[in-house]
Amino acid sequence: MAKLYVNAAVKKGKMNKEIQGHFSEHLGRCIYEGLYVGEDSPIPNTNGMRNDVVAALREMKLPVLRWPGGCFADEYHWKDGIGPKESRKKMINTHWGGVVEDNSFGTHEFMELCRQIGCETYINGNVGSGTVQEMSEWVEYMTFEGVSPMADLRKANGHEAPWRVNYFGVGNENWGCGGNMRPEYYANEYRRYQTYVRNYKSNEWIYKIACGPSGDDYDWMKTLLETLSDRNGRGADRFVNGISLHYYTVPDGEEGWDKKGSATDFDKAAYYKTLRKTNYMETLLKNHIAILDSYDPENRIGLIVDEWGTWYDVEPGTNPGFLYQQNTMRDAMVAAINLNLFNKYCRRVKMANIAQLVNVLQSVILTEGEKMILTPTYHVFNLFKHHQEGELLESSIETEEIGIEEGHPIRNLTESVSMDAEGGIHITVANLSADQSCPVEVEIAHKQIGAVQAEILTNEIHAKNTFDQPDTVHTECFDELTVENGSIRFTMPACSVMHLAVE
Ligand code: AHR
């Protein structure tokens, strides 16, 4: 029996809803086909946005969406994507698949998509191949309410009122596809570019995000903070609100980038290896947070994990530049591990964005023509949505080691717990074992346990949804639990994720 202890009297910070954020890039079939089909499409749409996809994203309570990239962001020139569609520039998306980018989805369309979803906006600007003026004018175009060349241009293009830009990324992966910069050089460029990311009155303020490290590049994090600080190593928060971190789970990455492993055809060893590599996120969070703590002891700068998720070989027969992959219960476990970790580290993790929303990498939705399926990862987000804006509660769980025989030991259970505004408690717990169920007993201190409701996602590790069988993996109500003597008891099936709501 694994005991899960919760202390309802100890609150450890707010779980920003943005921890459950998403990322959409002009890559493969994410934007075009996945989200946007155009007003004239036979696929039911509103102003070009797929109705089925938007409805599913609203149900999942998608809180914030990052756009237009990724590597695409540092090649994107926003003025190519405004004005009459027939006169927008057509070009080759050199980074992703060499296909024609007709710029029919631009700033107005992104803002319309966010309006329909009801989410916040995270725009990623171009440092790698753009200019300070271009970035500054984009912010003016989107957010200035008065009379100015860019505000007037926006109005001439049919949008009178300014939009709200919540988050703005100053470049993406500038250590790589965003210009191959060294950390000190980027940090100085960041200081200059961000100066002109202005806060106009109607927008209140923009949360500015600097390009942070890839994985364990602690030197990038330190040099960035050092260069943004005063001589006494403080004050970086004058320039920056958040620093990004990118870390993907690549099962076989070390054997070569062209052999990452199949999304669907894997053995138990690969399953545990994938989860073990996902757990490495905790090491990264701890170490980057320690660096942040030393430069920013007041905890003013957020850690923004704006790219995470699994990265496998593409589905056979698909364009290698489109990064299209299937999604199984293994991905559901990856999502549960990471989302529980982000919750636990919410003192510093202010936003996280899984890559990517539709049809690319670890997507929550896959589409094929007019068909749409919800992936196992979607269902995990749907279970976790109850944590949004909750208070992290002190909690811990007894675990045991599994995956030893397969050579990739991990702890079998992962959890996080929050309290919502009404005092209700939400517990998300995952049993990562491929084949062993696990009895669990929840004890909650400083709270009378009232009604308990639970939903579960469980299936065999390879289970997935397909366009022919779209509902193989789905959530169900779970009522095989007992509440006795102040504790909740149930058995978690192998490979399962559960949400318990405790009144
Ligand atoms: O998500 C795919 C790519 O991964 C992004 O464009 C880039 O930022 C990262 O390397």
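Values for this structure:
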read-out	value
Pair list, Cβ under 9 Å, 6 or more apart: the stretch 273-284 residue among the aliphatic types (A, V, I, L, M), other residue modelled with pLDDT of 95 or more and part of a helix (DSSP H, G or I)	Leu275/Arg330; Leu275/Met333; Leu275/Val334; Leu275/Ile337; Met281/Ile337; Met281/Asn338; Met281/Leu341; Met281/Phe342
Filter result for Thr377 (hydroxyl-bearing (Ser, Thr, Tyr) and surrounded by 24 or more Cβ atoms within 10 Å (Cβ to Cβ))	yes
Helices (runs of 4 or more DSSP H) (entirely within the stretch 138-249) containing at least 1 residues that are within 16 Å of the ligand (Cβ to nearest atom) and surrounded by 21 or more Cβ atoms within 10 Å (Cβ to Cβ)	183-195, 218-228
Matching residues, the stretch 133-167, being hydrophobic (A, V, I, L, M, F, W, C) and either farther than 23 Å from Tyr207 by Cβ or not assigned by TED's automatic domain parsing to the domain that holds Tyr122 (or both)	Val147, Leu153, Ala156
Which listed residue is surrounded by fewer than 18 Cβ atoms within 10 Å (Cβ to Cβ) and out of contact with any Cys (no Cβ under 9 Å at 6 or more places or on another chain), from Ile92, Ile82	Ile92
Criterion violated by Asn287 - all others in (1) buried (at least 23 other Cβ atoms within 10 Å of the Cβ); (2) over 23 Å from Gly390 (Cβ atoms); (3) out of contact with any Lys or Arg (no Cβ under 8 Å at 6 or more places or on another chain) satisfied	(1)
Flag for Ala56 being of a type outside the set (Lys, Arg) and under 30 Å from Glu400 (Cβ atoms)	no
Check on Thr283, away from the ligand (no atom under 16 Å from the Cβ) and outside the structural domain of Glu405 (by TED's automatic domain parsing)	yes
Check on Lys3, among the basic types (Lys, Arg), under 30 Å from Arg489 (Cβ atoms) and in contact (Cβ under 8 Å) with a residue 24 or more places away in the chain	yes
Selected residue [polar (S, T, N, Q), at pLDDT 95 or above, more than 16 Å from the ligand (Cβ to nearest atom) and under 27 Å from Cys211 (Cβ atoms)] from Thr328, Thr367, Thr310, Thr278	Thr278
Tabulated pairs, the stretch 81-101, first without any contact (Cβ under 8 Å) to a residue 40 or more places away in the chain, second surrounded by 18 or more Cβ atoms within 10 Å (Cβ to Cβ) and of a type in the set (Ser, Thr, Tyr), C-beta under 8 angstrom, 6+ apart or interchain	Gly81/Thr107
Members of the stretch 11-48 that are touching a Ser or Thr at 6+ places or on another chain (Cβ under 6 Å) and more than 25 Å from Val99 (Cβ to Cβ)	Met15
Top-ranked residue in the stretch 250-282 [being of a type in the set (A, V, I, L, M, F, W, C) and within 25 Å of Asp306 (Cβ to Cβ); ranked as surrounded by the fewest Cβ atoms within 10 Å (Cβ to Cβ)]	Trp257
Filtered residues of the stretch 1-42 (kept if of a type in the set (Val, Ile, Thr) and in contact with a helix residue (DSSP H, G or I) (Cβ under 8 Å, 6 or more places away or on another chain))	Ile19
Any hit, the stretch 345-364, residues being farther than 20 Å from Pro251 by Cβ and part of a helix (DSSP H, G or I)	no
Criterion (within 16 Å of the ligand (Cβ to nearest atom) and among the hydrophobic types (A, V, I, L, M, F, W, C)) met by exactly one of Ile291, Ile337, Ile354	Ile354
Pairs with Cβ under 8 Å, 6+ apart, first in the stretch 207-229 and over 10 Å from Val240 (Cβ atoms) and not assigned by TED's automatic domain parsing to the domain that holds Ile301, second of a type in the set (D, E, K, R) and not in a helix (DSSP H, G or I)	none
Any pair with Cβ under 7 angstrom, 6 or more apart, that starts in the stretch 233-262 at a residue that is in contact (Cβ under 8 Å) with a residue 40 or more places away in the chain and ends at one that is loosely packed, with under 14 Cβ neighbours inside 10 Å and assigned to a strand (DSSP E or B)	none
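The values are calculated or read from the model by the stated rules, or taken from the named source; none is laboratory data. Remember, predicted model here, so these are calculated numbers, not experimental data. Note that each Cβ is placed from the backbone with ideal geometry, even for glycine, and that neighbours are counted across all protein chains shown.
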